[in-house]
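Worksheet for the structure shown next.
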Amino acid sequence: MNLNLIKEIFLDTNRLNKDGIRIHSDSELEEMRLSCKLAAETLDMIGDYVVPGVSTERINKLCHEYILDNKAIPATLGYRGFPKSCCVSINHVVCHGIPGPKTLKESDILNIDVTCILNGWFGDSSRMYIAGSISKKASRLIEVTYKGLLKGIEVVKPGNTFGDIGEAIQKYVESKKMSVVRDFCGHGVGQNFHSSPNVLHFGEKKTGSILEPGMFFTIEPMVNLGKPETKILSDNWTAVTKDKSLSAQFEHTVAVTSYGVEVLTLSPQDKFYPL
Ligand code: MF3
Ligand code: CO
Ligand code: CO
């Protein structure tokens, strides 16, 4: 192979657009589908175990083993010192809850976030679960958070901007008198866990980078019943609402395609939305 050809292939598979966002090929999309499917299957699998009395460590262990059994690696384990294979964030915990001996109680709502590395590709998704029966205000929060994610996904197509995604989510959530967390965002994903760009869940239309086919990123809005402010606990990970209000989150990994969007972390068993 001549040198120019080698260089062209290299450029093709490592192409960054003018904003430094990785543009992926169709064969890379194939790889990404597999990793994202495993993340979704892991979240499907864990649903049956989310019941009052179960410890978050048990949820972690089940996710850990399922991911390894499927020839993948849990991306969060050891990531910047994070000690577990998934995040479990209960009630007023916004994100990055660390699994441990704590057990679920009746009517707890929780987000479980898993990221698989399969053949070097990262698939990242999270959903809400309910231990036992759900309260009215928690079910409204979960519904608004899920629909907020869908509002963001709906505007993903070439030519639209990242600001369009943030605006769509914020407008919808605030119309329901809930708040969008500002301190955490979605992210580019692919052969790295977190890459450019930051995908904000608030913002203005027609701002930010333009969406192009071949971009892979997450949309993962966190919505609070109270104020948007968060703080980090002394474990240096667990983010909670400052006002102790309930918080919810859903996360999909998506690909921009020539015609619009492909949601890569759809539930094979149609269990993504728990209500
Ligand atoms: N999966 C989370 C995300 O959606 C990141 C978790 S990082 C951890 O981006 F270290 F907290 F696990
Ligand atoms: Co993510
Ligand atoms: Co995640």
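Values quoted throughout were computed directly from the atomic coordinates according to the rules given, and no laboratory measurement underlies them. Source: prediction; values computed, not measured. Cβ coordinates were reconstructed from backbone atoms using ideal geometry, including for glycine residues, and neighbour counts include every protein chain displayed.
Modelled label positions at Ser133 and Phe193, each set 7 Å beyond Cα in the direction of Cβ, lie 4.0 nm from each other. Sorting 38-45, 227-234 by their mean Cβ neighbour count within 10 Å, with the most densely packed peptide first, gives 38-45, 227-234.
Cβ-Cβ distance of Ser55 and Ser234, R₀ of 22 Å, FRET efficiency by 1/(1 + (r/R0)^6): the value works out to about 0.60. Helix 56-69 and the long axis of the chain differ in direction by around 30°, with both axes built from C-alpha atoms. Our helix-only sum for the chain, with -39,500 (n - 2.57) per DSSP H run of n ≥ 4 divided by its residues, gives a mean residue ellipticity at 222 nm of -9500 deg cm²/dmol.
The long axis of helix 3-13 is offset from the longest Cα principal axis of the chain by roughly 30 degrees. Candidates Gly120, Val155, Cys95 compared by Cα position along the dipole of segment 78-199: farthest toward the positive end lies Cys95, with charges placed on Cβ. With one equal scatterer per alpha carbon and no solvent term, the Debye-computed log10 I(q)/I(0) for segment 162-204 at 0.26, 0.27, 0.33 1/Å reads -0.85, -0.89, -1.09. Stokes-Einstein diffusion for segment 15-61 at 20 °C, viscosity 1.002 mPa s, with a Kirkwood radius from C-alpha pairs, works out to 158 µm²/s.
P(r) tail for the chain: Cα pairs beyond 28 Å make up 33% of the total. Helix 162-175 and the longest principal axis of the Cα set of the chain meet at an angle near 20°.
Other residues with beta-carbon under 12 Å from the beta-carbon of Met32 carry, at +1 per Lys or Arg and -1 per Asp or Glu, a net charge of -3. The Cα atoms of segment 142-275 cover 43, 34, 32 Å along the three principal axes, with the biggest extent listed first.
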